[in-house]
Structures are given as structure tokens and as C-alpha cells.
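The values are calculated or read from the model by the stated rules, or taken from the named source; none is laboratory data. On a predicted model such as this, the values are computed, not experimentally measured, just so you know. Positions of Cβ are generated from backbone atoms using ideal geometry, with glycine treated the same way; all protein chains shown enter the neighbour counts. Quick note on the areas: whole protein, heavy atoms, side chains included, nothing else; ligands and nucleic acids left out. Shrake-Rupley method; radii C 1.70, N 1.55, O 1.52, S 1.80 Å.
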Amino acid sequence: MTSRASSDRAFLGTALHAPAGQLEILRDVLIVAGGDGRIQAIHRPESPHCAAEAARFAAAGSLVSLDHGQYLLPGLVDLHVHAPQWPQLGMALDLPLEDWLQTHTFPLEARYADLDYARTVYESLVDGLLANGTTTAMYYATIHLPATQALADICLAKSQRALIGRVAMDDPAQCPPYYRDISAASAEADTRAFIAYVLAMPGNEAGLVHPVITPRFIPACSDELLDGLGRLARESGCHVQTHCSESDWEHRFVLERCGMSDTAALERFGLLSRRTILAHGNFVSDADLALIRGLGAGIAHCPLSNFYFSDAVFPLRRVLAHGVHVGLGTDIAGGSSPSVLENARYAVIAARALESGVDASLERRQRRHPDSRIDAATAFWLATAGGGAALDLPVGVFREGFQFDAIRIDAGVRDGNLRIAQADTPDEILQKIIYHSSRANIREVWVANRRVHSQGAGP
Ligand SMILES: [Zn+2]
């Protein structure tokens, strides 16, 4: 038997996904996934092929049958993770962003000069995110090339779809002397070296791991470095990630230094393209959104992190109305949860807070921001198909030709709050999954048709 044939597999059961933002339930379907990781076929129960194909896979021992109360969902996409901040998840969230960075985050990130420390943390992080159903993660690493290479090695070894950036930050005015690139030239050279490393990784021929050009944010980078990384982005076609208009401080800092918004400045530096993910974007103007939409870039909406550090709620409905790509980010560790599902929940809550307003001392009319709410289906779409589209990757939807990245949700887990009744409608099932499921309900996780996590059995 060839390795390709040995990994062909079929999944029989009920799947939920949200192509184009609308919830769709696929009851009792057979999803056939090939050895190349892609979905080869989706057979509806009424199809004459469904039963025969299911029997053929069952006979070969490669049929995965979902039990009653179990649902297949597309794997979750996290557009914004700071990998080195895993040890400080949930800590020091009472500080303003600039103090949090200088007092806690930069000293922690500086520790990744120690490769053993980096490996220990990154192993724990990737295991933790896979167990939470995150099949695709877009990571910031640190300025250290060996530790960033180790993160790429670990993602590949554990088969997590990953987009990884070696962080570039060289401005002495904003970066501490113990944790910054010594020059724009060295930062660009290390970024080039990391891109070359990932593209040549043995076992990464299918492109599971992607290199990302990663200027931390404009305040941390010199113009020379931003110019150099912009040239590299055009030359290499790599993804780009950075922070954009996150908080009052960061937004105003860029306005004063560059005389224009974050978005406009990033465009000027050549860092805004179809493959760019902008983290946060809370303070983007309509002109910024037109620019982002025109170039096809995406925004990582990090609803929980925004409550702590952004000074405002992201205007999600307004951004979606502009036709901009949006997905979700946990912003580990600016957000206190590693779960994209929890962040989907918070996206609904944040949008509702924006719509209702939060200051009871204001008149209702002054407090409210009408038409800001989103429903659970939109949050689910952001967590899956929206994130995949933002990255321009074929993930997040059960569709022929797309990657089979999926999670098996089990409502029958005793130690959990998720309870689904026979009579529940698809909308009710999804709402319960979004609001009540936890890591305990994620029984199995697959990336590119490879099982990467299984409760109780190890990966
Ligand atoms: Zn961030």
C-alpha cells in the first residue's frame, strides 16, 4: 500500500460550516479526504454513491463514523498569536499597552535567546492550541532566528498549519537595548534567512508552514527597516503581519510620526497586500478601509484582547460592510484565552456592547451604536471561513479541493456544559456549540487529513 492510499479516509456524520457567512448543516454526509490532505468529494445521503463509498472505506478500515451528538466543524483559524507570550497568558492585563510591553512582554520575549526555553514553551503552545481546535495559526515569534526556526520545526512536526514570522523591531527609541535588532540591515537579513529556512524545510513541500514578514508595529521599526521589509514583501510574495491602529496610544503615535494613519503608512512602505493581516484595526477610518479593501488585505479581530488593550470595541459590522476580509485572533497573550471558539463568543458580546453602549450615565441615544450586533453564525464564519479567506488559504469550509482541516465536537461529554437535544434546529445547535462548548468537547482534530489531536489518546 502506498502512503497516499494509506491516508485516504472518509468521515460519515453531520457537519456544520458557514460558507459565505451563512450557516449550512450537512446531515449524514460522507466527506472523502485524500492523502494530499484535500477534500476529494462530499456525498449527500441521497446520493447513490454515499452508502457504497462508506462501505468501501469501512471495509478498508478508514471510515471515521461520528456518533449521535457529534458534529464535524472546520478547523479553527487564529489570525493573531504571539507564541512567546504563552507563559504570561492571563497575566498583567490591568496595565496600559505600552507599560505591558515594556514591563512584562519584552523581558519575557528576550528569554527566547535560550533555545531550550523556546523549544519547551513552543511544544506546549502548539499542543495547547491543537487541543483547542486551532488548525491554522498565524504566529509572531521573537527576534531570535534559531528560536523562530524551532517554532517552525515544531509546527511542522505536530502538523499544525502555521504562518510564522521572525519579529523585526529596530527602533532604539521604542525597543529596549536588551531586546531589539541591532540595525535595519540585520533585521532584514534575519527575516530573509527565516524565509529561506521555511521554504527549504524537509517535509514542508506541501507548504503546511509559511514564512511571514513581521514588522512588530510601526512604533518599533525605523523607516529604513519598514522600507526594506516592504521591498522584501513585493519580491518574495510572502504573507505580512503587523499591528494596526490598535489603541489610542499606538494610533496617535503613528499619526504624529508619519503624518498619516497606520494603514496609509503601511501602504506607503509596501506592506499592504492581499497577503497582509493587520491585527486589531480598531481605529481605522473609512478611507483606511477603502485602502484595505482595495488591496485585499485582512484584519485579525481580537475581541477579548481589545477589552484589555484597545480602548474601544472593534467596529466589526462597519468593517464587514466595507467588504474587508476579517477573521478572529486570540492575540495570546493580550487576550486571556487560547480558544478561538471562546473568542467567537466574545466577538458576539463585544459587538453587542458596542450596539447597546456601556455607560449607563449617558442617555440611551448617546450610549447606543445601532446595527453593530452580529449573530453566532457570523462569529462561527469569522472563526473558520473568514479567517481562511483572509489568509487566502483553502481552509475553513467543507468544499471539494479545500484542505480537510476539521474538529469533532462531542456534545456527549459529561464534564462539560454542551447539551444538544434531538429537536434542536441547526441554528440552535450552532448557538449551543459557540456558547457552551469547551476544550473538553473537542474530541479529535485533523489537519490536512492527518489526526493531530485526540482526547485521551494523545496526538
Ligand atoms: Zn498582538
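When S356, S285, S361, S339 are screened for being more than 16 Å from the ligand (Cβ to nearest atom), closer than 24 Å to H104 by Cα, modelled with pLDDT of 95 or more and out of contact with any strand residue (DSSP E or B) (no Cβ under 7 Å at 6 or more places or on another chain), only S339 passes.
Might you check whether a residue that is within 15 Å of the ligand (Cβ to nearest atom), more than 18 Å from the chain's Cα centre (by Cα) and charged (D, E, K, R) occurs anywhere in region 239-257? Taking every residue of region 239-257 in turn, at least one turns out to be within 15 Å of the ligand (Cβ to nearest atom), more than 18 Å from the chain's Cα centre (by Cα) and charged (D, E, K, R). Here E256 does not fit the description of being farther than 27 Å from Y308 by Cα and surrounded by fewer than 17 Cβ atoms within 10 Å (Cβ to Cβ).
Within region 288-315, being more than 13 Å from the ligand (Cβ to nearest atom), surrounded by fewer than 24 Cβ atoms within 10 Å (Cβ to Cβ) and closer than 24 Å to G90 by Cβ holds for F307, D311, A312, V313.
A quick yes/no check of all residues on (1) at pLDDT 95 or above; (2) open to solvent by 10 Å² or more (accessible area, probe 1.4 Å); (3) in contact with a helix residue (DSSP H, G or I) (Cβ under 7 Å, 6 or more places away or on another chain); (4) under 16 Å from F269 (Cβ atoms):
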site: P177; (1), (2), (3), (4): yes, yes, no, no
site: T191; (1), (2), (3), (4): yes, no, yes, yes
site: A196; (1), (2), (3), (4): yes, yes, no, no
site: R216; (1), (2), (3), (4): yes, no, no, yes
site: C221; (1), (2), (3), (4): yes, no, no, yes
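Note on region 348-373: among residues that are polar (S, T, N, Q) and out of contact with any helix residue (DSSP H, G or I) (no Cβ under 6 Å at 6 or more places or on another chain), the one that is surrounded by the most Cβ atoms within 10 Å (Cβ to Cβ) is S356.
Of the residues making up region 60-103, those that are outside any loop (DSSP other than H, G, I, E, B) and either at pLDDT 95 or above or open to solvent by less than 20 Å² (accessible area, probe 1.4 Å) (or both) number 24. For region 104-133, filtering for residues that are touching a strand residue (DSSP E or B) at 6+ places or on another chain (Cβ under 9 Å) and within 16 Å of the ligand (Cβ to nearest atom) leaves 4.
Restricted to region 134-147, and to residues there that are closer than 18 Å to Y178 by Cβ and either more than 16 Å from the ligand (Cβ to nearest atom) or open to solvent by less than 10 Å² (accessible area, probe 1.4 Å) (or both), the residue that is nearest to the chain's Cα centre (by Cα) is A141.
This table checks each residue for (1) within 16 Å of the ligand (Cβ to nearest atom); (2) modelled with pLDDT under 95; (3) part of a helix (DSSP H, G or I).
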residue	(1), (2), (3)
G323	no, no, no
I349	no, no, yes
R352	no, no, yes
R373	no, no, no
T378	no, no, yes
L382	no, no, yes
G386	no, no, yes
G396	no, no, no
G412	no, yes, no
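Could you grab me the full set of residues in region 107-119 that are open to solvent by 60 Å² or more (accessible area, probe 1.4 Å) and more than 10 Å from A150 (Cβ to Cβ)? Across region 107-119, the qualifying residues are R111, A113, D114. For region 327-347, the candidate set comprises residues that are touching a Phe, Trp or Tyr at 6+ places or on another chain (Cβ under 9 Å) and assigned to a loop (DSSP other than H, G, I, E, B); within that set, the residue that is surrounded by the most Cβ atoms within 10 Å (Cβ to Cβ) is D331. Only one entry of G416, G401 meets the criterion of being over 29 Å from D8 (Cβ atoms) and either part of a loop (DSSP other than H, G, I, E, B) or among the polar types (S, T, N, Q) (or both), and that entry is G416.
Restricting attention to region 264-317, the residues that are β-branched (V, I, T) and out of contact with any helix residue (DSSP H, G or I) (no Cβ under 7 Å at 6 or more places or on another chain) add up to 1. The helices (runs of 4 or more DSSP H) falling completely within region 115-216 that include 1 or more residues that are out of contact with any Lys or Arg (no Cβ under 9 Å at 6 or more places or on another chain) and of a type in the set (S, T, Y) map to 115-131, 184-199.
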